[in-house]
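For reference, the structure is listed below as structure tokens.
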Amino acid sequence: QFRQQTPDASTELNQALDPENLRNIEVGAKWDVVPALSVTAALYRIDRGNVAVPDPINPTVSTLVDAQRNKGLELGVDGRVTRSWSVVGGYAWQDGAITRSISATAAAGASLPQLPSHSMSLWNKYEFTSRVAVALGVVHQGQVFTSTDNRVTLPRWTRADAAVFYALTSNLRVQVNVE
């Protein structure tokens, strides 16, 4: 276990830290449903080493952790459903954990902080004419733990977005977004 003061990432002590290392295994697929619309999928596992993790009791102190694993599934869609309707979306399921006990606040099996189990987004845009379009979107993130002790959680949330686009000229477009 290595404890380090980390108020400024450019301090001499931080510069002496070994870089993070990653071991990644991934398999994926892409399907072009039609030439303008693609669906993707990927399964992965990432093992991380030499990761600086803030101490939940004293966030100005970090511990180097060599025992993190994240595995998951990502799904995506991107392209045009029709000539006027385009869509971009994604879903991710992630399971990240400490793989061996580091300290009392970073025990084996603890979930990784700031990593939602489920997240998704979907953005739809419809072009009424070559000059006028509207878009609607939704973003969702599941609850997350704030630190490796898994005592405090931030709640899940969902946000809806909308936009209106208007082309003033072929080179100038205005848009209004609402979140």
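The values are calculated or read from the model by the stated rules, or taken from the named source; none is laboratory data. Computed from a prediction, not measured in an experiment: that's the story for all the values here. Cβ coordinates were reconstructed from backbone atoms using ideal geometry, including for glycine residues, and neighbour counts include every protein chain displayed. The accessibility values were calculated without ligands, DNA or RNA, using every heavy atom of the protein model including side chains. Shrake-Rupley method; radii C 1.70, N 1.55, O 1.52, S 1.80 Å.
Net charge near Gly79, counting Lys/Arg +1 and Asp/Glu -1 over other residues with Cβ under 12 Å of its Cβ?
Values: positive: Lys30, Arg80, Arg83, Lys125; negative: Asp32, Asp78.
Surrounding charge for Gly79 is +2.
Based on Cα contacts under 8 Å between residues 6+ apart, the stretch 38-179 shows a relative contact order of 16 percent.
From the protein chains alone at 1.4 Å, what is the descending order of accessible area for Ser117, Ser38, largest first?
Numbers: Ser117 55, Ser38 20 Å².
So, going from the largest accessible area down, we get Ser117, Ser38.
For the stretch 119-168, the Kirkwood hydrodynamic radius comes to 13.2 Å, computed from all pairs of different C-alpha atoms. Taking packing as the residue-averaged number of other Cβ atoms within 10 angstrom, the listed peptides 85-97, 166-178 run from highest to lowest as 85-97, 166-178. Accessible surface comparison of Glu20, Glu179, Glu26, probe 1.4 Å, protein chains only, largest first: the order is Glu179, Glu26, Glu20. Phi angles of the stretch 24-31 translate, via the Karplus equation with coefficients 6.51, -1.76, 1.60 and θ = phi - 60°, into HN-Hα couplings of 10, 10, 8, 9, x, 8, 10, 10 Hz per residue; Gly and Pro are given as x.
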